[in-house]
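Remarks on the structure that follows.
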Amino acid sequence: MAHGQTISAAIAVGASITGISLTYFIAINDIDTGLAIVLFYANPLFIVLGSWVISKKRPTRNIAISMVFTLVGVFITAGQIGDASKSAVVLVLLSAFFFTIYLLGMSHSLKQADVITSVVLVNAGCALTY
């Protein structure tokens, strides 16, 4: 990856941090915090799917089974906590998606640049988007 692309990618990862907090904190105005936390923990599903699509890392059988249990657990818990607006649920899931972008982006960015440079660029991206 070229130097300019590394900088752009790290800044985009920083922007995803803004997306994580913005969508999550807007959502918890209209949703029970316990439900928001449970829904946010759907992010391993996004990470496994993102790794599969981007890095062509097909999930193993054990990971697939774990993902099914994660999804079932999220659905069971979400079904037991009432009065959640659909828009708040979407915002929390969007926050989990942004967290996936952050994790996958950082794992890629750290291969391209040293830790200090990556942290500075990510923080710059976060500051710019705030």
Among 23, 100, 33, whose mean-square fluctuation peaks in a Gaussian network model of the chain (Cα, cutoff 10 Å)?
33
Set Lys and Arg Cβ to +1 and Asp and Glu Cβ to -1, take the dipole of the chain about its Cα centre, and tell me which of 122, 107, 89 lies farthest positive.
107
Cα-based helix-to-principal-axis angle, 115-129 vs the chain, degrees rounded to 10:
60 degrees
State to the nearest 20 debye the size of the charge dipole of the chain about its Cα centre, where the only charges are +1 on K and R beta carbons and -1 on D and E beta carbons.
580 debye
Take the Cα atoms of region 3-129, find their three principal axes, and give me the spread along each one in whole Å, biggest first.
48, 38, 18
For the Cα atoms of the chain, what angle does the longest principal axis make with the long axis of helix 3-27, in degrees from 0 to 90, nearest 10?
20 degrees
Helix 61-80 sits at what angle to the longest principal axis of the chain, using alpha carbons and giving 0 to 90 degrees rounded to 10?
50 degrees
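Could you please report the charge total around residue 48, scoring K, R as +1 and D, E as -1 over all other residues with beta-carbon less than 11 angstrom from its beta-carbon?
Within the 11 Å Cβ shell, the charges total +2.
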Env charge @ residue 67, Cβ radius under 14 Å, K,R +1 / D,E -1, value +3
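No value in this document is a laboratory result; all are computed from the given coordinates. All of these numbers come straight from a predicted model, not from anything done at the bench. Cβ sites come from the backbone with ideal geometry, for glycine too, and all protein chains shown count toward neighbours.
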